[in-house]
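K.L.:
Quick one: structure below, then a few questions.
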Amino acid sequence: MPTVTCAEVQDLIGPMLDGSVAAQTKSIFFDHIGSCGRCGRAYDLEYLAKILVQSNAPRVETPAGVRASILRALTAERLQAGVGVRARGWFTRVPAPAYAAVLGAILLAYLVFPLPPSSEDLLRHVGERDIMTQATSNLSLFQNGKLIPSMTSCSPESVYGYLLSQRVPFKVNVRPIEQCDAYSAIVNEYNGVKLAHVVYKLNKDLLYVYQVNKDETVGDDAHLSMPGAARLSLKNTGWYIDEQHPDFNVVLWEENGTICAAASTLSKDRMMAVLAVR
Ligand SMILES: [Zn+2]
């Protein structure tokens, strides 16, 4: 198998997404991003940018140019606002339909705060305290009927109301999702930390979202942990996409002081399309 460098792989991302790459090059490309977190993330961001621009701005004919202008606008905004402004702040200021701008914010943050040189340590999940490990194993338990929801409803409002009634000590997140057949909720504790779990059933697919107060994930003696790469990405963009789970797609984000870890059988593009709606 010929070897390729990260730079060569990253140059290939655009042509890959345009479908203009030969089969052999494709397999070399995917072999590389399967084992290189940095290139994997670069690919994901380009991929998401493409999906979001396509699905939310159908009139746009030149997505690359549009993205460049979003980046320029955000750079200007960022310079005006000062360097201390975090990507998450943009989410609250951009108009709701402007997912492409959200994407721009993520892309820009990756440019402004590149991850340190690829390091296995940064990607490592540490034992059972790890939020994404818990999210994926809970989804498996749920699939096998071993994790029983406390309540199930066809209304997102009643699930939200249930979670409020359980005095969950952080802002819970329940998204109304089109074509969602049922919403389920569970509240429990892990090492004395209260957790909320919301499961969306979309036809044959499940979207599970683990939720915890961000404070429980901060500091050396925190009850819950996440890989260093996730911490960095959340800090800089508000989002993290984990590449290390064979069975599920896993996305982590921060919203109103709550860390949400979603694990799903949905494809990555469908999952992001659902999660990008606020
Ligand atoms: Zn690479």
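K.L.:
Hey, can you tell me all the residues within segment 1-25 that are without any contact (Cβ under 8 Å) to a residue 12 or more places away in the chain, open to solvent by 80 Å² or more (accessible area, probe 1.4 Å) and within 16 Å of the ligand (Cβ to nearest atom)?
P.N.:
Once the filter is applied, which keeps residues that are without any contact (Cβ under 8 Å) to a residue 12 or more places away in the chain, open to solvent by 80 Å² or more (accessible area, probe 1.4 Å) and within 16 Å of the ligand (Cβ to nearest atom), segment 1-25 yields 3, 8, 11.
K.L.:
Another question, then. When you check residue 257 against the structure, is it more than 14 Å from residue 131 (Cβ to Cβ) and more than 13 Å from the chain's Cα centre (by Cα), yes or no?
P.N.:
yes
K.L.:
Tally time: how many residues in segment 166-206 are polar (S, T, N, Q) and over 17 Å from residue 135 (Cβ atoms)?
P.N.:
Residues that pass the stated criteria total 3.
The values are calculated or read from the model by the stated rules, or taken from the named source; none is laboratory data. Just so you know, these numbers come straight off a predicted model, no measurement behind them. No Cβ is skipped: glycine too gets one built from the backbone with ideal geometry, and neighbour counts run over all protein chains shown. The protein model used for the area step is the full one, side chains on, heavy atoms only, and it has no ligands, DNA or RNA in it. Shrake-Rupley method; radii C 1.70, N 1.55, O 1.52, S 1.80 Å.
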